[in-house]
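Below: the structure, in structure tokens.
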Amino acid sequence: MHTCNLGKYQFSIFGYRLIFLFFFNSRASELLFDGVKEHQVTLPGQSDPWDMKQLLVWIQRNLLKERPELFVQGESVRPGILVLINDADWELMGELDYQLQDQDCIVFISTLHGG
């Protein structure tokens, strides 16, 4: 079981319990996620396991409130956002093809800082 010890975004996903953390400067966080600190949701069931590509689409459609271009670019996260899956760089985990597992901890960290 993987755990994240920081502010938690908890999701129940078709039998999976996942934790999502979003770290952005306060203005970007307010714009992107309407300042909401926690979400508990159930994603629709599907025959195939959820992967990161599908999850990013879901986040864009359901969590992002404004300026999605600050979070996504094309089918992936925009450059400058570090993604960790269970404390490992998502590049080592297969990036968009990574299939979500029960108890995954997924962290999005903006490495860009505005003035």
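At 0.36 nm per residue, minus the direct Cα-Cα distance, what do SER47 and THR111 gain on full extension? Give it in nm, one decimal, please.
Gain on stretching SER47 to THR111: 19.5 nm.
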**Q.** Qualifying GluC sites (Glu not before Pro) for region 73-112 [loop in DSSP, other Cβ within 10 Å: at most 15]
**A.** GLU75
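No lab work stands behind these numbers, since they all come straight from the coordinates. Values in this document were obtained by computation on a predicted structure and should not be read as measured data. Here Cβ is always computed from backbone atoms with ideal geometry, including for glycine, and neighbour counts include all displayed protein chains.
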